[in-house]
Amino acid sequence: GRLTGYERLYVEGSRAWLGEPAEMIRAWSTMSALYPEQPTGHHNLGNVYWWYQNDFARALQAYERAVAAGGGLRFVSLSHRGYCLLGLGRPQEALRSFEDGWKLSKILLQAGLADGYMVLGRYAEARAFLDRSESQANPLYELEARFRGVELDVVLGRLREASTAAETARAFAVSSGLMRWEKHARAAALAVLERAPDRGRFLQALRRTVARDL
């Protein structure tokens, strides 16, 4: 009973993440409409449209409202805006959005620059960006850079190198105590195998992974 109206909506929206997308949209749309000067409702509404419905157009509109509202996490909205622009086939605009976000915060976890470079075929710039990012003294940032490196190897058709990089990322996640990211690394390794010609090897690895995680 001591919460403000905005705080109550935030709690309601947070609970909605455990439910269905329609409930998430209702909660965050309400916050977006009632508190348009706050970026939170806009940004989280964009997340629902992107993550749960693959609706890049509506997500883009929501992220643009979040960017316009400002706030300390504006760089996150700019990054997500960039991914929606990629999904809509507008890579040059996406890269500018990624660059704008990168200027505000050098946090690799939110930077889509490497992906933007890859989509545009600027592979040397993607590699240089990832090499710089791996040098950051933070295991999460280094892991993210390693995963992007796996993607780059796959794009370039270097599947053997991609497989090795995925295994290296998995070992690094384990040694750093980041076991949730260890699962991401195993998923990356599976994605690499799926691109390889040996379908039998991929299916065996997939069955082992499913059995282990269940």
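The values are calculated or read from the model by the stated rules, or taken from the named source; none is laboratory data. Remember, predicted model here, so these are calculated numbers, not experimental data. A quick note on method: Cβ atoms are made from the backbone with ideal geometry, for glycine too, and the neighbour counts reach across all protein chains shown. Heads up: the accessible areas ignore ligands, DNA and RNA and are worked out on the full protein's heavy atoms, side chains in. Shrake-Rupley method; radii C 1.70, N 1.55, O 1.52, S 1.80 Å.
Some points to look at:
- Segment Ala211-Glu134, extension gain: residue separation times 0.36 nm, minus the distance between their alpha carbons: 24.5 nm
- Only helical runs count toward this figure. For the chain, summing -39,500 (n - 2.57) over DSSP H runs of n ≥ 4 and dividing by all residues gives -24000 deg cm²/dmol at 222 nm.
- Accessible area per residue for the stretch 1-90 is 53 Å², calculated with a 1.4 Å probe on protein heavy atoms, without ligands, DNA or RNA.
- Heavy-atom accessible surface of the stretch 70-152: percent carbon and sulfur, 1.4 Å: 52 percent
- J(HN,Hα) series, the stretch 119-134, from Karplus relation 6.51 cos²θ - 1.76 cosθ + 1.60, nearest Hz, glycine and proline x: 4, 7, x, 9, 5, 5, 5, 4, 5, 5, 5, 5, 4, 5, 5, 5
- For the stretch 105-214, the square roots of the Cα gyration tensor eigenvalues, ordered a ≥ b ≥ c, give a/c of at least 1.5 with a/b no greater than b/c, which places it in the oblate category.
- With R₀ set to 41 Å, the beta-carbon distance separating Ala196 from Arg2 gives a calculated FRET efficiency near 0.10.
- Answer label, with percent of Cα pairs over 26 Å apart calculated from the coordinates and candidates (1) 46; (2) 60; (3) 34: (1)
- Tensor-based shape of the stretch 1-95 (alpha-carbon gyration tensor, a/c under 1.5 rounded, otherwise prolate or oblate): oblate
- Mean-position separation - Cα centroids, the stretch 147-173 and the stretch 61-104, in angstrom: 27 Å
- Against the main long axis of the alpha-carbon atoms of the chain, helix 179-195 sits at an angle near 60°.
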